[in-house]
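Okay, structure first, notes after.
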Amino acid sequence: MSIYKRRTKLRNRSFAWVFAASAMVATSFVSTAVSAGAMDGSKNIVCAAIDVVGCTEGGKCVEGTAGSFDLPEFMILDAGKKVIRAAYESGQKGESPVKNMELSGDHMVLQGVENGRGWNMAINTKTGRMSASGVGNAVSFLVFGACTAL
């Protein structure tokens, strides 16, 4: 394994918490539209990460799945407590507070900060499609997926 791959894998693991906070999305087979009332932040939402891009300083980026970056594939937004909970394949669990949750047009936008790193997520309230980002020291992730209300 090259030094770059080892460094990237280590950084990916250290930033896995970002997406626990990033409240991402139902499974890739979710293709039906979700009603706007269910995606307004009043109900819990489950999200599934489908595609992930990880980039390190210097502009080197790698595409993969959440599992290939040691990130959670499923996350639940607990609307009442304003936290995002994630479960990993390994059984590990994570939780991150949502600092800001706001409706803007057809999107619900969530933001958070944890351990000196930030994350953002936008969920389309009509289709359930989700985009999220997590940024930290010398590494960033983009996550694309889908969500549905529970």
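Since every read-out is calculated from the coordinates, none of them should be taken as a lab result. Note that the structure is a prediction, hence the values are computed from the model and not measured. Note: ideal-geometry Cβ built from the backbone for every residue, glycine included; neighbour counts use all protein chains shown.
Could you work out the relative contact order of the stretch 45-123, using alpha carbon pairs under 8 angstrom and six or more residues apart, expressed as a whole percent?
Computed value for the stretch 45-123: 17 percent relative contact order.
Once both labels are modelled 7 Å past Cα along the beta-carbon direction, what's the Thr65-Asn115 spacing in nm?
2.4 nm
For a 22 Å ceiling on Cα separation, which of these pairs sit above it: Lys60/Lys99; Lys43/Lys126; Lys60/Lys126; Lys60/Lys82?
Those over the limit are Lys60/Lys99; Lys60/Lys126; Lys60/Lys82.
Count the net charge of all other residues whose Cβ sits under 12 Å from the Cβ of Val52, scoring Lys and Arg as +1 and Asp and Glu as -1.
Its environment carries a net charge of -4.
Only loop residues by DSSP count here, and only those with at most 16 other Cβ atoms within 10 Å; note down the GluC sites (Glu not before Pro) in the stretch 51-150 that meet that.
In loop regions of the stretch 51-150 (DSSP not H, G, I, E or B), the sparsely surrounded GluC sites (Glu not before Pro) are Glu57, Glu89.
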